[in-house]
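A.B. asks: Supplied in structure tokens, the structure appears directly below.
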Amino acid sequence: MTSSPHCEIDTISTDILILGSGGAGLFAGLHAKQANPDLEVTVAAKGLIGKSGCTRMVQGGFNVAVNPGDSVERHFMDTIIGGKWLPRQDLAWRLCESAVERIQELENELGCFFDRNSDGTLHQKAFAGQSFDRTAHKGDLTGIEIINRLMEKVWTLDVVKLEEHRAIDLIPAKDQSGIAGVLMIDIRSGGYRLVRARTVLLATGAGPSMYRYHTPSGDKSCDGLAMALRFGLSLRDMEMVQFHPTGILAGPDTRMTGTILEEGLRGAGGYLLNGAGERFMTQYDPAAERATRDIVSRSMYREIRDGRATQQGGLFIEMVHLGGDRVRQMFPGMVKRCEDCGFDLATGRVEVVPTAHYMMGGVQMEIDCTTTTPGLFVAGEDAGGVHGANRLGGNGVANSTVFGAIAGDEMATAIGRGVPLRDPDLESVEQAIACAEKPFGQTKANLSELRERLWSMMWDKVGILRTADGIREGVRVLDDCRETLTGIGVENDDRAFNLTWHDWLNLDNQITVSQAIAGASLARDDSRGAHFREDFPTTGNLEQSTYTCTRYENGQLIQEMTPVAFTMVKPGESLIDGDAGAPRTAQNGDPS
Ligand SMILES: Cc1cc2nc3c(=O)[nH]c(=O)nc-3n(C[C@H](O)[C@H](O)[C@H](O)COP(=O)(O)OP(=O)(O)OC[C@H]3O[C@@H](n4cnc5c(N)ncnc54)[C@H](O)[C@@H]3O)c2cc1C
């Protein structure tokens, strides 16, 4: 137990501390324990372990080049071209190469049952932006299969679990030699817990939940990215926020609004209609509804902005022309989800709206998941650089499981080399507690209004279509939101399960990361992938591509542009013969 002027702090120590229990966190735990069963591994999650985060929500599937007609080179080229030449190429290569190993581990060692062809080979779906059908899946609920098997396996190991533990700040060593641990709030008791660790993995799953419509799980508020920024780390590609075209619009009072309907619906031939019931995608792109998700999202946004929306402000997806029975048979999960929201997907129309889905940007990492801070590792959606300007559907869960496993192996190796348990800088602990305690004792207010303001501003000004003037206005609103939040308190002083307190902390981190997104969006004055500037609608010279880096310097967020190193292949070149490097026009949806 350590004492602070504010409270008593429970202190524990471990060899490896993993923040997050999604695909990245659980794979890291599994691999670290397999590498050295004697290591003490602690997994801490804001939600319930194995039940929180987005890996569990994965619908579409996992990209992997295992078919004899496919190759790692082809998967890599699709990832680079899809990412508009911004991905860090060694990371993208590692993703594609190690995805093969990971799917074999998932099937043969963890016992995942993925769908199979009648000849017993793995069934792989075709998704947009890919030159080969390579998305392995379990029906339309792939994430549940992966996380359940993974969780069962991790449970059999001697892993310390800290459920409903919210990490609030990374704590440096007193001598500044690296990471010393993480300060957390035990949400159940409201008490503070300092977990000292030789190595720490940041795997909190990012998640663009600062937009009016968003898909990530409710426990995600970009905490990892905000902690990394406060700690002085640099984030790359923060302007790259991916929007998924078909979020359900089920009204303001349900969390179902914003959750996705898989893009296989568009791939199978579903139509998007405007408020007047007219099909509009044919006017925007020759591939119509089957265009990639950035193009469809932008077209939908324009249709809505130009006043051709439904009464609720959305659009419709319609499948009835494919035959109701066929739709029910092909998409049972989606039909049920729509039914739960009062829509009939098979024979009627469902209201939809583009929805913020994934952050390509994140903490800069090396190929072994290390960061610039000794002892601190990063993996999964918290890490940046793998996907560049766009993530291909199916590369998200491959990313979290591949790099999670690498992080687990590497943390075990690092400890084998003698990484010490560093003494924590207690001043940083004090500071983190003082920040977390801020809302207590201040004027009590309802946070919903502020959240609504943040959601609307990010949606309108730093969303699917951006301009310099709009972003600048957004930055002013963000400064104002920060000031408002700093001055308001929470209703109840009781710390145990005080969800309003956690809403306050969520908003604090969401504002920080929104500032990073806005700053990077202003710095990038071209359009590519998920980032579209109406005042700079062209992409510019690919060979001179640069990426954004965002970090705090003297209390200010600053942005720098860094040239992309084309370490394996340059724009215009391909690792494969012929035109195979160019993705075919999407004939199928690119699920999430
Ligand atoms: C609806 C949906 C469908 C998707 N479908 C696909 C798909 O078909 N294919 C694909 O490739 N990708 C898909 N994705 C993306 C994919 O799910 C994610 O990219 C990936 O799973 C992220 O894994 P992760 O381990 O980084 O984070 P997550 O799985 O999101 O886990 C994050 C963990 O961090 C914890 N956490 C958060 N904050 C804190 C904190 N402060 N302290 C402690 N713990 C914290 C959470 O509780 C959780 O345990 C989908 C995403 C969504 C939302």
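A.B. asks: Using every alpha carbon pair in the range 246-323, what percent of pairs falls into each 10 Å bin from 0 up to the bin containing the largest distance?
C.D. replies: 19, 54, 26, 1
A.B. asks: Then there is this: Taking a ≥ b ≥ c as the square roots of the Cα gyration tensor eigenvalues, with a/c under 1.5 meaning rounded and otherwise prolate when a/b beats b/c, else oblate, which class fits the range 174-245? Could you put the intermediate results ahead of the total?
C.D. replies: Details: a/c = 3.07, a/b = 1.49, b/c = 2.05.
Since a/c reaches 1.5 but b/c is at least a/b, the shape of the range 174-245 is classed as oblate.
A.B. asks: Show me the chymotrypsin sites (Phe, Trp or Tyr not before Pro) within the range 426-521 that DSSP assigns to loop and that have at most 13 other Cβ atoms within 10 Å of their Cβ.
C.D. replies: In loop regions of the range 426-521 (DSSP not H, G, I, E or B), the sparsely surrounded chymotrypsin sites (Phe, Trp or Tyr not before Pro) are 497.
A.B. asks: Okay, moving on. Assuming R0 = 25 Å, can you tell me the calculated FRET efficiency for the pair residue 526 and residue 576, based on Cβ-Cβ distance, to the nearest 0.05? If you can, show how the numbers build up before the last one.
C.D. replies: Working: r = 27 Å, r/R0 = 1.09.
Here the calculated transfer efficiency is 0.35.
A.B. asks: Sticking with this one: Compute the Cα gyration tensor for the range 245-380, then decide on rounded, prolate or oblate, letting a ≥ b ≥ c be the square roots of its eigenvalues: rounded whenever a/c is under 1.5, prolate when a/b is larger than b/c in the other cases, and oblate in all that remain. If you can, show how the numbers build up before the last one.
C.D. replies: Values: a/c = 2.09, a/b = 1.81, b/c = 1.16.
Judged from the Cα gyration tensor, the range 245-380 comes out prolate (a/c at least 1.5, a/b above b/c).
A.B. asks: Right, something else. So if R0 is 22 Å, what FRET efficiency would residue 283 and residue 535 give, r being the distance between their Cβ atoms, rounded to the nearest 0.05?
C.D. replies: Values: r = 23 Å, r/R0 = 1.03.
The computed FRET efficiency comes out at 0.45.
A.B. asks: Output needed for the range 169-328: three equivalent-ellipsoid semi-axes, defined as square roots of 5 times the C-alpha gyration tensor eigenvalues, in descending order, whole Å.
C.D. replies: Working: eigenvalues 364, 59, 40 Å².
Taking √(5λ) for each eigenvalue gives 43, 17, 14 Å, largest first.
A.B. asks: May I ask you to derive the relative contact order of the chain, considering only C-alpha pairs under 8 Å and at least 6 residues apart, and to give it as an integer percent? Let's see the in-between values first.
C.D. replies: Values: 1420 pairs, mean separation 137.6, N = 592.
Contact order relative to length: 23 percent.
A.B. asks: If I take the Cα coordinates of the range 110-250 and project them onto the principal axes, what are the three extents in Å, biggest first?
C.D. replies: Principal extents (Cα only, largest first): 59, 40, 34 Å.
A.B. asks: Using only the alpha-carbon atoms, how far is helix 448-461 inclined from the longest principal axis of the chain? Give it as 0 to 90 degrees, nearest 10.
C.D. replies: 50
A.B. asks: Testing the spin-label approximation: label points 7 Å from Cα along Cα→Cβ at residue 100 and residue 426. State their distance in nm.
C.D. replies: 5.4
A.B. asks: Using the reciprocal of the averaged 1/r over all distinct C-alpha pairs, how large is the Kirkwood radius of the range 204-286 in Å? Present the calculation step by step, with values, prior to reporting the outcome.
C.D. replies: On the way: mean 1/r = 0.0647 Å⁻¹.
Every distinct Cα pair counted, the radius reaches 15.5 Å.
A.B. asks: What lysines does residue 46 reach when the alpha-carbon gap must be under 21 Å and sequence neighbours fewer than 8 apart in one chain are set aside?
C.D. replies: 153, 161, 220, 438
A.B. asks: Let me ask you something else. Taking the alpha-carbon distance from residue 138 and a cut-off under 15 Å, which aspartates and glutamates remain once sequence neighbours fewer than 8 residues away in the same chain are dropped?
C.D. replies: 107, 115, 262
A.B. asks: Let's test the formula: R0 of 22 Å, r as the Cβ-Cβ distance of residue 253 and residue 491. What FRET efficiency results, to the nearest 0.05?
C.D. replies: According to the calculation, E is roughly 0.60.
A.B. asks: Looking only at the range 238-266, which residues have a backbone nitrogen under 17 Å from a spot 7 Å from the Cα of residue 311 in the C-beta direction?
C.D. replies: The answer is 249-253, whose backbone nitrogens lie closer than 17 Å to the label point.
A.B. asks: Kindly express, to the nearest 10 degrees and within the range 0 to 90, the angle between helix 23-35's C-alpha long axis and the longest C-alpha principal axis of the chain.
C.D. replies: On a 0 to 90 degree scale, this one is about 60.
A.B. asks: Pop out the ³J(HN,Hα) list for the range 91-102 in order, Karplus 6.51 cos²θ - 1.76 cosθ + 1.60 with θ = phi - 60°, rounded to Hz; leave Gly and Pro as x.
C.D. replies: The phi angles translate into 5, 5, 4, 4, 4, 5, 5, 7, 4, 5, 4, 5 Hz.
A.B. asks: Right, something else. At 222 nm, what value in deg cm²/dmol follows for the chain if DSSP H runs of at least 4 each add -39500 (n - 2.57) and the sum is divided by all its residues, to the nearest 500?
C.D. replies: Mean residue ellipticity at 222 nm (helix-derived): -10000 deg cm²/dmol.
Quick note: the coordinates plus some simple rules give every number you see, no bench work behind them. Note that this is a predicted model, so its numbers are computed, not measured. Note: ideal-geometry Cβ built from the backbone for every residue, glycine included; neighbour counts use all protein chains shown.
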